[in-house]
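Visitor: Structure below; questions to follow.
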Amino acid sequence: ISQKKTIIISGGTSSGKTTYLNACLQAIDPDTRLILLEDTRELTVSHKNCVSLLASKGDQGEAKVTMQDLLQCSLRLRPDRIIMGEIRGREILDFVGACSTGHDGSMTSIHANNPRMAFMRMTQMYKLNHVPSMSDQDILRELDAVIDIIVQVEKTPKGRQVQSIYYRYGPLAMQE
């Protein structure tokens, strides 16, 4: 975290992704400017220089504001790090773009069963929402260039635990 690695927390429903992400936030230098992006308020930080933005689905007459809208807006707020509660779709391209243009150390979570599946899900999100003509290999190369760490968390009979960690050390090898 102190080396500003881009981190994705991966796991299933109720596996502890948000809890782990909140713990990671506490390890960030308190003078760092954080921009938090969420669709449900779950992230808690004590940083004095933090802006929290909330997506809205447009219910009860409120304007619809997507995570993608928030990500694009956050770039104008001079973030040191962008923290997104969860990546689910269209915002993947903007998140990767932000991470590759000076916002190292950004973090988010994703629903996936292991780090390999996290990369596969992000590839699917890319193709479904942005660039269907881009090859899986090219998308994976782009993702691998900006994602340094994927922490896999799981709910087990012993409680919620870190099960595995992917640490980027070179081009992503998709072979087992």
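Visitor: Condition (residue is within 26 Å of Thr123 (Cβ to Cβ), among the aliphatic types (A, V, I, L, M) and surrounded by 21 or more Cβ atoms within 10 Å (Cβ to Cβ)) applied to segment 46-55: is it met by at least one residue?
Guide: Narrowing segment 46-55 to residues within 26 Å of Thr123 (Cβ to Cβ): 55.
Next, only the ones that are among the aliphatic types (A, V, I, L, M) stay: 55.
Then drop every residue that is not surrounded by 21 or more Cβ atoms within 10 Å (Cβ to Cβ), which leaves none.
No, segment 46-55 contains no residue that is within 26 Å of Thr123 (Cβ to Cβ), among the aliphatic types (A, V, I, L, M) and surrounded by 21 or more Cβ atoms within 10 Å (Cβ to Cβ).
Visitor: Let me ask something additional. If you take the residues in segment 1-19 that are crowded, with 17+ Cβ neighbours inside 10 Å and touching a Lys or Arg at 6+ places or on another chain (Cβ under 8 Å), which one is farthest from Met117 (Cα to Cα)?
Guide: Residues of segment 1-19 that are crowded, with 17+ Cβ neighbours inside 10 Å, as a first pass: 6-11, 15-18.
Still in the list and also touching a Lys or Arg at 6+ places or on another chain (Cβ under 8 Å): 9-11, 15-16.
On the way: Ile9: 12, Ser10: 9, Gly11: 10, Ser15: 15, Gly16: 17 Å.
By that ranking, first place goes to Gly16.
Visitor: When you check Gly85 against the structure, is it farther than 12 Å from Met122 by Cβ and at pLDDT 95 or above, yes or no? Reasoning before the result, please.
Guide: Values: farther than 12 Å from Met122 by Cβ: yes; at pLDDT 95 or above: yes.
In short, yes.
Visitor: Would you pick out the residues in segment 17-43 that are at pLDDT below 95 and polar (S, T, N, Q)?
Guide: Thr40
Visitor: Now for a different question. For segment 63-91, enumerate the residues that are crowded, with 22+ Cβ neighbours inside 10 Å, of a type outside the set (A, V, I, L, M, F, W, C) and closer than 17 Å to Ile8 by Cα.
Guide: Arg81, Gly85, Glu91
Visitor: Let me ask you something else. In the list Asp136, Asp144, which residue meets the criterion of being in contact (Cβ under 8 Å) with a residue 24 or more places away in the chain, among the charged types (D, E, K, R) and surrounded by fewer than 20 Cβ atoms within 10 Å (Cβ to Cβ)?
Guide: Numbers: Asp136 fails: in contact (Cβ under 8 Å) with a residue 24 or more places away in the chain.
From the options Asp136, Asp144, the qualifying one is Asp144.
Visitor: Checking the conditions here, which among Gln26, Gln3 is more than 16 Å from the chain's Cα centre (by Cα) and either of a type in the set (Asp, Glu) or under 30 Å from Pro157 (Cβ atoms) (or both)? Quick ask: steps written out before the conclusion?
Guide: Numbers: Gln3 fails: either of a type in the set (Asp, Glu) or under 30 Å from Pro157 (Cβ atoms) (or both).
Exactly one residue qualifies, and that residue is Gln26.
Visitor: OK, next. When you go through (1) touching a strand residue (DSSP E or B) at 6+ places or on another chain (Cβ under 8 Å); (2) crowded, with 19+ Cβ neighbours inside 10 Å one by one for Asp94, which number turns out not to apply?
Guide: (1)
Visitor: Moving on to the next point. When segment 102-125 is examined, which residues are found to be among the β-branched types (Val, Ile, Thr), in contact (Cβ under 8 Å) with a residue 24 or more places away in the chain and over 15 Å from Gly85 (Cα atoms)? Walk me through how you get there before you give the answer.
Guide: Just the residues of segment 102-125 that are among the β-branched types (Val, Ile, Thr), to begin with: 108, 110, 123.
Among the residues that remain, those that are also in contact (Cβ under 8 Å) with a residue 24 or more places away in the chain are: 108, 110.
None; the set is empty.
Visitor: What's the number of the only condition in (1) assigned to a helix (DSSP H, G or I); (2) modelled with pLDDT of 90 or more; (3) over 12 Å from the mean Cα position of the chain (by Cα); (4) not acidic (Asp, Glu) that Pro79 fails to meet?
Guide: For Pro79, the exception is condition (1).
The values are calculated or read from the model by the stated rules, or taken from the named source; none is laboratory data. Being a predicted model, the structure only gives us computed values, none of them experimental. No Cβ is skipped: glycine too gets one built from the backbone with ideal geometry, and neighbour counts run over all protein chains shown.
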